[in-house]
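This report concerns only the one structure given below.
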């Protein structure tokens, strides 16, 4: 009986283990699986690496990836995506798309704390987001 | 054992052909096809031999429905599959609920999902589903429910007597850890009868499995049992690997063991905290979460997720572990060993806790067998049965550990068994870390599209809650023809009404907690 | 001012001023205690507790109170209205009356009655009534079970509570709380009556429905017990009463066993509050350490252990005093 | 003033449905400590709660219960849809599905959406801050760092 009281009183004088989000942020593991993002092409960092093959669309368990369109620019062998829509609200973050991507164009983002006021906030167009990131960096 | 059962079963049934099957491919040793009368005979025979009814599966082959009964034994590895063919237009079968208590529940499930009528079953009413569903969900072709079927299924209505009243424990109730509803018929504070109502989180996993390729089903098992996500993940991948004959590299096998055991500890820890919260002590809940966060840190660094890991892939792992993982795991083992003393002081040695749990919800060995309970509940009842020993997958066969068992089968024993199991899990992790070989973590030749050969498989693994059985029927396509999940929580829940009867409301909460139920797993 | 005094008499004015003071103190005390409880609980669980609302989260209880005031006043459809409305008000009366007779300091006491402790005990039994009204009036099974549990529990623990206080009354030869404090000039009664103190403390925790005896509101069994159907301000009243009760039982314990306002150097009121809040801390500490006992065990503890023990203690005390 | 008090004293209801409930618990536990924002008082009864966190898949069998609980809460009340299942049915939406509600916003009005499967506790905390932002109209804490 008394031993239990001892445990709690000792705990009271031990330092807290709380990490105070949003004032303190935990280190997010580099392998953290958030929603996906498009990576730049290995040869040309200006464009995204997606070749609009649609393998991820077929493999996605919950049909979260939609409307992939691509165009073939002049002098290039393969298509480049112009539209890549991800409905993050049905995603289960399993990583099958990342694994099966033949051009290694998809990776997880470290966006660990999304929250919003609308469902539609989480329907991303990854190509647009890629362009935005390119501009800001 | 197998030879003996084959001969005796043959004699008991008289003239039915009993085939020996390749255990490594099929997961059972004997199989036979029976008529309704022979099925009853077989069930009685297995009952007398001390077998338990592991699962009843219904498979819709379009031309006929097939009921698959898996009988297994606690003491020796000998599994038998008995099948019964039914007419799809008017499926009917004899009930086994008088012989094996667990059949009562499995048959109710099959009644709802396939429309099979079980002659002599006392209560074929809605268990998972509800009036809003018009067709039998798991039939391959749409079969609508007739009006009289709906009426019969909806026949369960609680009626209050003069001195009794009903209390709904759930579906939104703090002690049910989710959305289990138990209708308690109360006489004052004493429980006269308890009737679980399930399906508040029925997410159609088995239906989804038939609609998806093996690969696409990967995220689902972790969502069935989110506390033992690794074990379910492990069960799924090892079952499919066994079906396809994929050999997994040693390193992957070892890591699988480490990850699964870490997850087991985290699951038991959460049980401990939630159980104490049920009993009214909140502080241990926060202490265990502190430990859990350490496990989460270690696992997240390698899997990328905190809860629904989805880490194992067919043929290996999602990605390799690094030195940081090994160091983190070692640090965690060190820390956890020191924490047991603290829990013992705070919980195990507390008079109030002991008084609340000793002699409560006692499960005898015989009753445990009839209800086919498994996992820590079974071991708490004193039967040393662990699928990690009985049917080892991954690298469990190379691990040396003992199986903690209880003596009285009450809630206190369940607590002790689980705490000691955390200790053995630490031992296993240490051994696995010590012999972690170098090498690849992914088998080399895993086809992009898995198309297992025709046939079926009953594969079991030990999850934190007990025996998980996966019954897969493959028709050579890239999707399973049928994938049945025999989940441990469902079996463990079945025994609850009997344990609760005649006890106080407070005890019912203590008993329900000691069974360690995860509701999405029951509802699937 | 003098006119008012002359019309109403000095005693009446003093009582009214005292009552207002008590009301303020009750609210203030509840605010402090909720904050302290959350903070203490937080640190026992190695987290911070309220922090972002005001410095050290000190504004937190005020925010809670304002929020509860601003909630919709909701009366469920099937309740027994008079009972449902009256219960939270009624639970407050005994709490206020109890404060009237507690001596905070040698001179700081609203009224020194010569039957002070009897007043407190008589009125504190009334709170059972309001809990029963709340449970019955809510027309909710959980609430009803909670109320019935509460009645059985309070009746069972009132007896050892009283029996534990009796030896002290015998030793002090008075029912007046002030006289009892004065009688402890040299030696605190806890030294010569440790068993009585122990019994009193357990019974007091049970009387206030705190863990490990919080069966009437056992969250995992009865959702929230007798106040399941209450929301907003009415719930706040129950909450307020609960925390005030904690303070009262601690204050009585201090008065009876720990020398009341007496102590060296510091003024009496400081000593009194210090001792009381120490006991409150112990009650909070118990709550965040122990699980809940079962109903039959709870009653067994009272009838089979505490009451006989208290009786023996009473007899021994009586015998020794006679000698 | 009232809004400020409300925003800083959001008492959630213990309403765990599925996987996300564990992460909701994690949020309330020592590591993340929801109580810092005054939101750690989990009430078991809807009558005393201000916020319903829908943590997990809502099935058709559960839907009437959920709406009833929502109606039992006294206003002002808020709803956070936590996790993809609560937002849209998540991974359990497929052709021919017969039991999952495709988004809890079809049943009750939702104030804040926290996507993820399951979301990290930081996500839920961010949801709380967003809710505070919605109630008071301004953000009191350092903004979320987006790490695309």
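The values are calculated or read from the model by the stated rules, or taken from the named source; none is laboratory data. Quick caveat: nothing in here was measured; it's all calculated off a predicted structure. Reconstructed Cβ throughout: ideal geometry from the backbone, glycine too, with neighbour counts over all protein chains shown.
In region B:500-514, the count of residues that are more than 14 Å from every other protein chain (Cβ to nearest Cβ), crowded, with 24+ Cβ neighbours inside 10 Å and out of contact with any strand residue (DSSP E or B) (no Cβ under 6 Å at 6 or more places or on another chain) is zero.
Output yes when any residue across region A:83-101 is surrounded by fewer than 19 Cβ atoms within 10 Å (Cβ to Cβ), away from chain B (no Cβ under 14 Å) and closer than 30 Å to residue D:133 by Cα, and no when none is. Yes; the residues of region A:83-101 include at least one that is surrounded by fewer than 19 Cβ atoms within 10 Å (Cβ to Cβ), away from chain B (no Cβ under 14 Å) and closer than 30 Å to residue D:133 by Cα.
Checking every residue in region C:39-55 against the condition of being at the interface with chain D (Cβ under 8 Å from one of its Cβ atoms) and in a helix (DSSP H, G or I) gives at least one match.
Just so you know, in region D:122-148 the residues that are over 19 Å from the mean Cα position of the chain (by Cα) and within 7 Å of chain A (Cβ to nearest Cβ) include one that is farthest from residue A:110 (Cα to Cα), and it is D:141. Within the option set A:11, A:3, being surrounded by 16 or more Cβ atoms within 10 Å (Cβ to Cβ), at the interface with another protein chain (Cβ under 8 Å from one of its Cβ atoms) and over 20 Å from the mean Cα position of the chain (by Cα) holds for one residue only, A:11. If the condition is being more than 14 Å from chain C (Cβ to nearest Cβ) and surrounded by fewer than 20 Cβ atoms within 10 Å (Cβ to Cβ), then region D:66-83 contributes only D:67.
Among the numbered conditions (1) part of a loop (DSSP other than H, G, I, E, B); (2) touching a residue at least 60 places away in the same chain (Cβ under 8 Å); (3) under 30 Å from residue B:361 (Cα atoms), the only one that residue B:382 does not meet is (2). Among the residues of region B:278-295, those identified as free of Cβ contacts under 8 Å to residues at least 24 places away in the same chain, at the interface with chain C (Cβ under 7 Å from one of its Cβ atoms) and crowded, with 23+ Cβ neighbours inside 10 Å are B:280, B:286. Select the strands (runs of 3 or more DSSP E) contained entirely in region A:66-137, then report the ones holding at least 3 residues which are within 25 Å of residue B:217 (Cβ to Cβ). Output list reads A:80-87, A:106-108. Would you confirm whether or not region A:13-35 contains a residue that is touching a residue at least 24 places away in the same chain (Cβ under 8 Å), touching a strand residue (DSSP E or B) at 6+ places or on another chain (Cβ under 8 Å) and not in a loop (DSSP other than H, G, I, E, B)? No, that holds for no residue.
For region D:99-121, the tally of residues that are facing chain A (nearest Cβ under 8 Å), surrounded by fewer than 24 Cβ atoms within 10 Å (Cβ to Cβ) and either over 18 Å from the mean Cα position of the chain (by Cα) or not in a loop (DSSP other than H, G, I, E, B) (or both) stands at 1. Being under 16 Å from the mean Cα position of the chain (by Cα) and touching a residue at least 60 places away in the same chain (Cβ under 8 Å) is true for just one of C:124, C:138, C:130. Which residue is that? Answer to the selection: C:124.
Across region D:31-40, which residue is farthest from the other protein chains (Cβ to nearest Cβ) among those that are closer than 21 Å to residue C:227 by Cβ and out of contact with any strand residue (DSSP E or B) (no Cβ under 8 Å at 6 or more places or on another chain)? Ranking the candidates gives D:40 first.
Here is a check on your reading of the model: is residue B:325 under 15 Å from residue A:32 (Cα atoms), assigned by TED's automatic domain parsing to the domain that holds residue B:415 and more than 27 Å from the chain's Cα centre (by Cα)? Criteria met by residue B:325. Looking only at residues of region B:389-403 that are surrounded by fewer than 22 Cβ atoms within 10 Å (Cβ to Cβ) and within 19 Å of the chain's Cα centre (by Cα), we find that the one that is nearest to residue B:508 (Cα to Cα) is B:403.
Among the residues examined, residue B:242 qualifies as surrounded by fewer than 24 Cβ atoms within 10 Å (Cβ to Cβ), in contact with a helix residue (DSSP H, G or I) (Cβ under 8 Å, 6 or more places away or on another chain) and either in contact (Cβ under 8 Å) with a residue 24 or more places away in the chain or closer than 30 Å to residue C:286 by Cα (or both). Please find, within region B:132-142, the residue that is nearest to residue B:154 (Cα to Cα) out of those that are more than 8 Å from chain D (Cβ to nearest Cβ) and surrounded by 19 or more Cβ atoms within 10 Å (Cβ to Cβ). That would be B:136. Put simply, of C:222, C:177, C:215 the only residue that is more than 14 Å from chain D (Cβ to nearest Cβ), buried (at least 23 other Cβ atoms within 10 Å of the Cβ) and within 18 Å of residue B:278 (Cα to Cα) is C:215.
Residues of region A:44-82 that are surrounded by fewer than 21 Cβ atoms within 10 Å (Cβ to Cβ) and under 30 Å from residue B:204 (Cα atoms): A:54, A:55, A:57, A:58, A:59, A:63, A:66, A:67.
Checking residue C:33 against (1) touching a residue at least 60 places away in the same chain (Cβ under 8 Å); (2) under 21 Å from the mean Cα position of the chain (by Cα); (3) within 9 Å of another protein chain (Cβ to nearest Cβ); (4) under 19 Å from residue B:282 (Cβ atoms), which single condition isn't satisfied? Here residue C:33 meets the rest and fails (3). Of D:86, D:18, all but one fail to be buried (at least 23 other Cβ atoms within 10 Å of the Cβ), more than 11 Å from chain C (Cβ to nearest Cβ) and under 20 Å from residue B:289 (Cα atoms); the exception is D:18. For residues that are free of Cβ contacts under 8 Å to residues at least 40 places away in the same chain, over 13 Å from the mean Cα position of the chain (by Cα) and not in a helix (DSSP H, G or I), scanning just region D:1-39, find the one that is nearest to residue B:267 (Cα to Cα). Selected residue: D:29. Tell me, yes or no, whether region C:246-268 has at least one residue that is buried (at least 17 other Cβ atoms within 10 Å of the Cβ) and on the phi > 0 side of the Ramachandran plot. Yes, region C:246-268 contains a residue that is buried (at least 17 other Cβ atoms within 10 Å of the Cβ) and on the phi > 0 side of the Ramachandran plot.
Of the candidates B:307, B:346, the single residue that is crowded, with 18+ Cβ neighbours inside 10 Å and within 19 Å of residue B:261 (Cα to Cα) is B:307. The conditions of being surrounded by 23 or more Cβ atoms within 10 Å (Cβ to Cβ), in a helix (DSSP H, G or I) and facing another protein chain (nearest Cβ under 10 Å) are met by residue C:67.
Going by the conditions given, is residue C:236 crowded, with 24+ Cβ neighbours inside 10 Å and touching a helix residue (DSSP H, G or I) at 6+ places or on another chain (Cβ under 9 Å)? In short, no. Screening the candidates B:129, B:124 for the property of being outside any helix (DSSP H, G or I), within 27 Å of residue D:65 (Cβ to Cβ), at pLDDT 80 or above and away from chain D (no Cβ under 14 Å) yields one hit, B:124.
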